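All remarks here apply to the structure that follows.
The values are calculated or read from the model by the stated rules, or taken from the named source; none is laboratory data. A quick note: this is a predicted structure, and the numbers were derived from the prediction, not measured. Every residue, glycine among them, receives a Cβ derived from its backbone with ideal geometry; neighbour counts consider all protein chains shown. Quick note on the areas: whole protein, heavy atoms, side chains included, nothing else; ligands and nucleic acids left out. Shrake-Rupley method; radii C 1.70, N 1.55, O 1.52, S 1.80 Å.
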Amino acid sequence: MIAGYFLFIQPTKQPPSSLVITDKSLAVLPFVDMSPGKDQEWFSDGLTEELLNSLSRLPGLNLIARTSSFAFKGKNIPVGKIADSLGVAYILEGSVRKVGDQLRITAQLIQADKGIHIWSNTYDRTLDDVFAIQENIAESIAHTLNILFDEEMKASMFSSGTRNVEAYE
């Protein structure tokens, strides 16, 4: 009888300490190109890269590296499984539609363990406003996750990366 207990009842496995989810851990998945011609993948990847760059400057946010997040590009895997794999509590995902100089960017912050959106927004703007969109998304993430930062940190968040709209083209 006792031998049966040890053969059939397995102890619950705890995740490795390197995968313990913290309250403020985030993976930014590559934004999906949903443009009519499906020819804006480079723009979507650039937007994702700039968001990662800005968010990496937030104090107290554990941000997963670009190469780890981009491993899930183009894969239809449930958010919970991605989060478990990367050891994060939150996932930022989104899409880009670009026609001429018109943009529609949608971003969604998801609490991975529940699979629910805790913040989402759609931005309909021109290409000239892409930096303002990036800044708004990064600030919204910080606010939603209760990450406090001052004006100096905010300036640092947005001083990096390109400010040249033509560089996106």
> Sorted by accessible area with a 1.4 angstrom probe, largest first, how do D84, D129, D33, D23 fall?
Replying inline: D23, D84, D129, D33
> So which trypsin sites (Lys or Arg not before Pro) in segment 53-118 pass both tests, a DSSP loop state and at most 16 other Cβ atoms within 10 Å of the Cβ?
Replying inline: K73, K75, K114
> Which shape class, rounded, prolate or oblate, goes with segment 76-156 when its Cα gyration tensor gives a ≥ b ≥ c as root eigenvalues, a/c under 1.5 marks rounded, and past that a/b bigger than b/c marks prolate?
Replying inline: oblate
> Using a 1.4 Å probe, how large is the accessible area of T144, given in Å² and rounded to the nearest 10?
Replying inline: 40 Å²
> Once both labels are modelled 7 Å past Cα along the beta-carbon direction, what's the S95-E41 spacing in nm?
Replying inline: 1.7 nm
>> Let me spell out the model: positive unit charges on the Cβ of Lys and Arg, negative unit charges on the Cβ of Asp and Glu, origin at the Cα centre of segment 58-106. What dipole size does that give, in debye rounded to 20?
In response: 180 debye
>> Output wanted: per-residue J couplings in Hz (rounded whole) for segment 68-84, from phi through Karplus 6.51 cos²θ - 1.76 cosθ + 1.60, θ = phi - 60°, x for Gly and Pro.
In response: 5, 5, 6, 5, 9, 4, x, 9, 9, 10, x, 3, x, 5, 5, 4, 4
> Label-point separation (nm) for Q111 and D129, each offset 7 Å from Cα along Cα-to-Cβ?
Replying inline: 3.0 nm
